[in-house]
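Novice: This is the structure, below, for whatever I ask next.
The values are calculated or read from the model by the stated rules, or taken from the named source; none is laboratory data. Here the structure is a predicted model, which means the values were calculated and not measured. Don't worry about glycine lacking a Cβ; one is built from the backbone with ideal geometry, like all the others, and counts go over all protein chains shown. To get the accessible areas, we keep the full protein, side chains included, count just its heavy atoms, and leave off ligands, DNA and RNA. Shrake-Rupley method; radii C 1.70, N 1.55, O 1.52, S 1.80 Å.
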Amino acid sequence: MKRRPASIAVNGLLALGAALTLFPLLWMLSVSLMPIGSANSFPPPLLPLHPTLDNYRTLFERADLGRFLLNSLLVSTGITLGSLACNLLAGYAFAKLRFAGRERLFGLLLAALVIPSQVAMMPLFLLARLLGIVNSYAGVILPALASIYGIYLVRQFARAIPDELLEAARIDGASEWRIFRSVALPLLRPIILTLAVLTFLTAWNDFMWPLIVLTGKDHYTLPIALASLAREHNQDIELMMAGSMVTVLPVLLLFLGLQRYYIDGLLLGSVKG
Amino acid sequence: MRRGALAGWIFTAPALVVIAVFFLLPVLAAFGLSLTDFDIYALASLRNLRFVGLDNYATVLHMPLFWKALGHTLYFVVAGVPLSLAASLAAALLLHSRLARWKGFFRVALFTPVVATLIAVAVIWRYLFQTRYGWVNYALGWFGIHPIDWLGDPRLAMPTIILFAVWKNFGYNMIILLAGLQVLPAELYEAARLEGASAWAQLRHITLPLLGPTLMTVSVLTMIGYFQLFAEPYVITQGGPLQSTLSVLYLLYEQGFNWWNLGLASAIAFVLFALTLAVTWILLRFGRRRGYA
């Protein structure tokens, strides 16, 4: 009987926490469906009296939101596919292929992990200018095509592949590329999905570098477009909430669909150092 | 053996080239850049570029705005990190409790802000904390509290941003701490219960000490992240009111990419980097002394 109050307290607190984390998101959905001007009243309405998709229509027809959505999809997909290829190859090599200086090189990469990315940004911008990729998709994609953290994750995972398996394939005369493709990759499947979700979400949500390198509207990704809209349309709550919905929804759905893989990656990277 | 070596280099080459060209070389170049007076004229023609030694660093350290920004950043770190960790730990303990129901749902619900696009939720935050029509003031009104000018009052803007950061980030460490809790030996708790130890005593004398190393790692990582405060004030307050939410990284962005003082901005980057390293080192030493490797 003593457990009843404790149980109510624990579950009550959890429910309160969940309400606090979800309320802003649900409120965004609700306001995005309100007619222009109706959210700015007192008391602030919770649900739309006359739900409408007008705000979404306005954003797609007049604010070019479709273009930004496509830009975001293009950039994030490009980064995900490209960095998946680079990180898988490198992570596997650091775990399973012997070459001179391997450990020292990997140690160097890990040490570089302490350098915040902003330190590189000023020269990176000059480099982008030199390469002619300022204000282009390539300007966002190229620098993100490999990540030390991604290589580290793959390496951690690939170390569990038994050497005998690879050795057996070598004795059978398979090339290293063949071994990677037919023996290692199938075993790396879980980490591929994990890395794909992590990379896609990071790329989608990235802000500072795209803000710097995308100097014109044409190539804006959703977060950059949203930040710029927020400065122009400060008063139009309903419009801004519809824009936020379009920005958040794809990543939320992706996360809900693949949460197991996302959380596995988060734990693999931080606890089992 | 030889074959493996060649393959090793070929397999790592694409990633290494990307990391070297787009990260490591720029970092080295940034140090060089911080020793020059690179500005908008140099952007037009490199003939306007001069070597100035450590002048930029001297300028930064004599800039009142830099100290102001540093103060705000430290405020954000010193208040934000413990609050975030407290929220993460509380949530993890609740989720770990044997009394908790619908764990799967609660875990996802509490984690959702972490994956939500920062810019989008920052925009939501701006409206929720609006003085006249915002929900926060409306809800406080039920308790007889008068409307508060959250984002317009220089004393309250930073606390509001800290609240936002806690809301946005606590789920991340919650997951890591929860995983840490799940591997703690159950026998210890059995023994403690047999001895009649209260839940609070178990938390203080078993859970927290055993979770120490994880807590240490998580606080260092959170702190490093919080030193890089930028997007939150950029969207929520634009550094205002009265520059009260201007952070070091925000200052770097303005100097570098609004005024094109890339030399000065690079110096700011290195000062921030050095500071982060120093604080990390101190925290780790403190942790080691208490026995967390």
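Novice: What single numbered condition from (1) facing chain A (nearest Cβ under 7 Å); (2) at pLDDT below 95; (3) within 27 Å of the chain's Cα centre (by Cα) fails to hold for residue B:133?
Specialist: It fails just one condition, (3).
Novice: Just the residues that are buried (at least 19 other Cβ atoms within 10 Å of the Cβ) and among the charged types (D, E, K, R), please, taken from region A:93-122.
Specialist: Scanning region A:93-122 gives a single hit, A:96.
Novice: Let me ask something else. Check region A:79-96 and report whether any residue there is facing another protein chain (nearest Cβ under 9 Å) and in a loop (DSSP other than H, G, I, E, B).
Specialist: There is no residue in region A:79-96 that is facing another protein chain (nearest Cβ under 9 Å) and in a loop (DSSP other than H, G, I, E, B).
Novice: Now a separate question. What are the residues in region A:237-259 that are of a type outside the set (A, V, I, L, M), open to solvent by 10 Å² or more (accessible area, probe 1.4 Å) and in contact with a Leu (Cβ under 9 Å, 6 or more places away or on another chain), if any?
Specialist: A:250 - this is the single residue of region A:237-259 that is of a type outside the set (A, V, I, L, M), open to solvent by 10 Å² or more (accessible area, probe 1.4 Å) and in contact with a Leu (Cβ under 9 Å, 6 or more places away or on another chain).
Novice: Could I ask something else about it? Looking for whichever is among the small types (Gly, Ala, Ser) and modelled with pLDDT under 95 here; the options are A:82, A:78, A:101. Which one fits?
Specialist: Details: A:82 fails: modelled with pLDDT under 95; A:78 fails: modelled with pLDDT under 95.
Being among the small types (Gly, Ala, Ser) and modelled with pLDDT under 95 holds for just one of A:82, A:78, A:101, which is A:101.
Novice: Within region B:138-157, how many residues are within 12 Å of another protein chain (Cβ to nearest Cβ) and out of contact with any helix residue (DSSP H, G or I) (no Cβ under 9 Å at 6 or more places or on another chain)?
Specialist: Counting residues in region B:138-157 that are within 12 Å of another protein chain (Cβ to nearest Cβ) and out of contact with any helix residue (DSSP H, G or I) (no Cβ under 9 Å at 6 or more places or on another chain) gives 4.
Novice: Something else: Which condition number does residue A:35 fail, the rest of (1) surrounded by fewer than 15 Cβ atoms within 10 Å (Cβ to Cβ); (2) in contact with an Asp or Glu (Cβ under 8 Å, 6 or more places away or on another chain); (3) facing chain B (nearest Cβ under 10 Å) being met?
Specialist: (3)
Novice: Could I ask something else about it? Within region A:153-179, take every residue that is out of contact with any helix residue (DSSP H, G or I) (no Cβ under 6 Å at 6 or more places or on another chain) and not in a helix (DSSP H, G or I) and give me the one that is most open to solvent (accessible area, probe 1.4 Å).
Specialist: Within region A:153-179, the match that is most open to solvent (accessible area, probe 1.4 Å) is A:172.
Novice: Working carefully through the options A:53, A:88, find the one that is out of contact with any Gly (no Cβ under 8 Å at 6 or more places or on another chain) and under 28 Å from residue B:113 (Cβ atoms). Write out each step before concluding.
Specialist: On the way: A:88 fails: under 28 Å from residue B:113 (Cβ atoms).
One residue alone meets the criteria, A:53.
Novice: May I pose another question? Just checking, how many residues over region B:1-43 are facing chain A (nearest Cβ under 7 Å), of a type in the set (A, V, I, L, M) and either open to solvent by less than 30 Å² (accessible area, probe 1.4 Å) or in contact with a Lys or Arg (Cβ under 6 Å, 6 or more places away or on another chain) (or both)?
Specialist: 8
Novice: I would also like to ask the following. Looking at residue A:18 and the list (1) surrounded by 15 or more Cβ atoms within 10 Å (Cβ to Cβ); (2) closer than 25 Å to residue B:147 by Cβ, which single condition is not satisfied?
Specialist: (2)
Novice: Mind checking which helices (runs of 4 or more DSSP H) fall wholly inside region B:192-293 and carry at least 2 residues that are away from every other protein chain (no Cβ under 12 Å) and of a type outside the set (A, V, I, L, M, F, W, C)?
Specialist: B:208-227, B:262-289
Novice: Before we move on, is residue A:84 touching a residue at least 40 places away in the same chain (Cβ under 8 Å), within 27 Å of residue A:71 (Cα to Cα) and either surrounded by 20 or more Cβ atoms within 10 Å (Cβ to Cβ) or of a type outside the set (S, T, N, Q) (or both)?
Specialist: yes
Novice: Just name the residue that is nearest to residue A:108 (Cα to Cα) out of those in region A:159-202 that are in contact with a Gly (Cβ under 9 Å, 6 or more places away or on another chain) and within 11 Å of chain B (Cβ to nearest Cβ).
Specialist: A:198
Novice: Further question: I need a count of the residues in region A:180-204 that are exposed (fewer than 15 other Cβ atoms within 10 Å of the Cβ) and among the small types (Gly, Ala, Ser).
Specialist: Here the count works out to 1.
Novice: Still on this structure, please answer the following. Tally the residues that are open to solvent by 40 Å² or more (accessible area, probe 1.4 Å), under 29 Å from residue B:234 (Cα atoms) and touching a residue at least 24 places away in the same chain (Cβ under 8 Å), restricting the search to region B:83-111.
Specialist: 1
Novice: Look at residue A:255 and say whether it is in contact with a Phe, Trp or Tyr (Cβ under 9 Å, 6 or more places away or on another chain) and assigned to a helix (DSSP H, G or I).
Specialist: Numbers: in contact with a Phe, Trp or Tyr (Cβ under 9 Å, 6 or more places away or on another chain): yes; assigned to a helix (DSSP H, G or I): yes.
The answer is yes for residue A:255.
Novice: Would you be able to say whether some residue in region A:123-140 is within 11 Å of another protein chain (Cβ to nearest Cβ), buried (at least 20 other Cβ atoms within 10 Å of the Cβ) and in a loop (DSSP other than H, G, I, E, B)?
Specialist: no
Novice: Run down A:214, A:268, A:229 and say which single residue is surrounded by fewer than 20 Cβ atoms within 10 Å (Cβ to Cβ) and of a type in the set (A, V, I, L, M, F, W, C).
Specialist: Exactly one residue qualifies, and that residue is A:268.
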